[in-house]
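What follows draws every value from the coordinates through simple rules; no lab data is involved. What you see is a predicted model; the values in this text were computed from it and never measured. Cβ coordinates were reconstructed from backbone atoms using ideal geometry, including for glycine residues, and neighbour counts include every protein chain displayed.
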Amino acid sequence: GENVEQHPSTLSVQEGDSAVIKCTYSDSASNYFPWYKQELGKRPQLIIDIRSNVGEKKDQRIAVTLNKTAKHFSLHITETQPEDSAVYFCAATVGYSTLTFGKGTMLLVSP
Amino acid sequence: GAGVSQTPSNKVTEKGKYVELRCDPISGHTALYWYRQSLGQGPEFLIYFQGTGAADDSGLPNDRFFAVRPEGSVSTLKIQRTERGDSAVYLCASSPIAGGSNEQFFGPGTRLTVL
């Protein structure tokens, strides 16, 4: 089955800096890669996703890149703000099947 | 519109008891997923429904766990003879599928504590 590795497990940045979280996946058939943000005690919420037919997608301060050959994808957050502090999860799946999640990255943005 | 809802939000039970956790998906969403999230971990897949049928139940840890979705909407996750290791947050998600959308919308979860 699919295996998703996520790094780093924790990331501390100063407000205004950029943050990068990296994930690798094992199943070359995976074709959908979402990123979820989860605040303490809250539900995971989708912040951006990418499909295997594109290499990059951007939404304001958030971007995701995908390298299918290397089987890795990354989340980039620019101009970080304290409200970006949360746990971020990457995930991978084939079609409409279940998501396989990474172990999460705790992002702390200090003012 | 209303999002995915789950009840109860918290459930405390004793070892060996039976529990039922309920998920109300977004209206019209064909696919429904159950995940389990332990502290400091990502959600782990349990079971996936397409309509009324379980399309994939390979994530259920053992035969104490069972889930149903009899009318293709509300789903119930049932756990028999609960063990302390079952303590976790149980998350439900739904997805429209129609139109090619993969996005899974999560509920707030049920925090299960087995004493």
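Quick one: residue B:8 ticks every box in (1) under 14 Å from the mean Cα position of the chain (by Cα); (2) within 14 Å of chain A (Cβ to nearest Cβ) except a single one, so which number is it? Of (1) under 14 Å from the mean Cα position of the chain (by Cα); (2) within 14 Å of chain A (Cβ to nearest Cβ), only one is false for residue B:8: (2).
Among the candidates B:67, B:54, B:93, the residue that is free of Cβ contacts under 8 Å to residues at least 24 places away in the same chain, small (Gly, Ala, Ser), assigned to a strand (DSSP E or B) and at negative phi is uniquely B:54. Just give me the residues in the range B:1-45 being assigned to a strand (DSSP E or B), in contact (Cβ under 8 Å) with a residue 40 or more places away in the chain and under 19 Å from residue A:92 (Cβ atoms), in sequence order. The answer is B:31, B:33, B:34, B:35, B:36, B:37. The set of residues from the range B:11-62 being at the interface with another protein chain (Cβ under 9 Å from one of its Cβ atoms), crowded, with 16+ Cβ neighbours inside 10 Å and among the acidic types (Asp, Glu) comprises just one member, B:44.
In the range A:58-107, counting only strands (runs of 3 or more DSSP E) that sit wholly within it, the ones holding 2 or more residues that are of a type outside the set (Asp, Glu), within 14 Å of chain B (Cβ to nearest Cβ) and within 15 Å of residue A:7 (Cα to Cα) span A:86-92.
Does any residue of the range B:72-79 turn out to be over 19 Å from residue A:43 (Cβ atoms), assigned to a loop (DSSP other than H, G, I, E, B) and either out of contact with any Ser or Thr (no Cβ under 6 Å at 6 or more places or on another chain) or within 11 Å of chain A (Cβ to nearest Cβ) (or both)? Within the range B:72-79, one or more residues are over 19 Å from residue A:43 (Cβ atoms), assigned to a loop (DSSP other than H, G, I, E, B) and either out of contact with any Ser or Thr (no Cβ under 6 Å at 6 or more places or on another chain) or within 11 Å of chain A (Cβ to nearest Cβ) (or both).
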